[in-house]
1. State, in angstrom, two size descriptors of the range 51-98 derived from its alpha carbons: Rg to one decimal place and Dmax to the nearest whole number.
2. Residue-wise, which Karplus ³J(HN,Hα) couplings in Hz belong to the range 120-125, taking 6.51 cos²θ - 1.76 cosθ + 1.60, θ = phi - 60°, and x for glycine or proline?
3. In what sequence, largest accessible area first, do Tyr73, Tyr91 appear using a 1.4 Å probe?
4. Please list, in order along the range 56-62, the HN-Hα scalar couplings obtained from phi with the Karplus expression 6.51 cos²θ - 1.76 cosθ + 1.60 (θ = phi - 60°), rounded to whole Hz, x for Gly and Pro.
5. Could you pull out every residue, at least 5 positions away or on a different chain, whose amide H is within less than 5 Å of the one on Glu128? Hs are placed 1.01 Å off N in the peptide plane, and Pro or chain starts have none.
6. Mind ranking Thr96, Thr68 by accessible surface for me, highest first, 1.4 Å probe?
7. With a 1.4 Å probe and all protein chains kept in place, how much accessible area does Ser175 have, in Å² rounded to the nearest 10?
8. Given the protein chains as shown and a 1.4 Å probe, how many square angstrom of Thr181 are accessible, to the nearest 10?
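The values are calculated or read from the model by the stated rules, or taken from the named source; none is laboratory data. All values derive from a computational prediction rather than experimental measurement. Cβ: placed from backbone, ideal geometry, glycine included. Neighbour counts: every protein chain shown. Heavy atoms of the whole protein, side chains included, go into the accessibility calculation; ligands, DNA and RNA do not. Shrake-Rupley method; radii C 1.70, N 1.55, O 1.52, S 1.80 Å.
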Amino acid sequence: MKNIITLLLIFLYCCNNLVITQKNEETKIAVIELISNESDSIKTIHKRGKVFFAIDPECPLCISYTNTINDLYSTFQDSLDFYAFLPSPVYSKEKTDLFIEKYHFNLPIIVDTNQIITSFLDARITPECFLLDNNLNTLYQGLIDNWIKELGRKGQNVNSRYLKNAIISQLKSDSILIKKTNAIGCVIERF
């Protein structure tokens with residue numbers, strides 16, 4: 001409960017600095033500013049578990065993972081809320097729109113220029129993923145899968161799908177075997 005109240009207060013306090021970008025039905029880019037009096041935007045926080053992805057449109061690994069992220073989203077969007085967030089104090093709408101269009105990125109994107117979500121989740125790397133329960137407790141954090149062996153070295157096969165396995169376990173109310181891995185990618189610049 002404490003986590004929900006904390007995140008709700010953060011959203012209410014800083015929501016003028018957050019922007020959600022997503023494709024609408026006509027595949028046009030829609031930008032919706034979260035304003036504190038839009039209670040519908042805040043209500044959706046409490047309903048179910050969440051998956052967050054820290055992304056950077058210029059990070060080569062984020063670009064490489066767009067298909068995987070889109071696949072996870074399309075598979076589990078009926079059971080969990082999915083968000084990508086840009087953890088950078090510098091935001092380029094043009095670069096973000098190009099990233100969304102070029103890589104057919106389907107998730108809602110939160111522009112986190114004040115690094116509110118970044119700090120709350122303790123995000124350090126892009127791409128880094130987070131699975132939260134409906135009380136906003138982190139159930140899994142880290143790598144999406146084991147495709148990346150180390151920075152600059154991709155594997156030929158993926159044989160551990162950390163996030164997908166954690167999601168399946170959480171939806172079945174089973175224990176999550178691996179709760180944290182060390183994300184590999186581009187370092188998030190903190191201010």
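1. Expressed in Å, the Cα Rg and Dmax of the range 51-98 come to 11.6, 32.
2. 4, 8, 6, 6, 10, 9
3. Sorted by accessible area, descending: Tyr91, Tyr73.
4. Working through the residues one at a time gives 9, x, 9, 7, x, 5, 4 Hz.
5. Under 5 Å from the amide H of Glu128: Ala54.
6. Details: Thr96 5, Thr68 45 Å².
Solvent-accessible surface, decreasing: Thr68, Thr96.
7. Surface accessible to solvent at Ser175 totals approximately 90 Å².
8. Accessible area, nearest 10 Å²: 20 Å².
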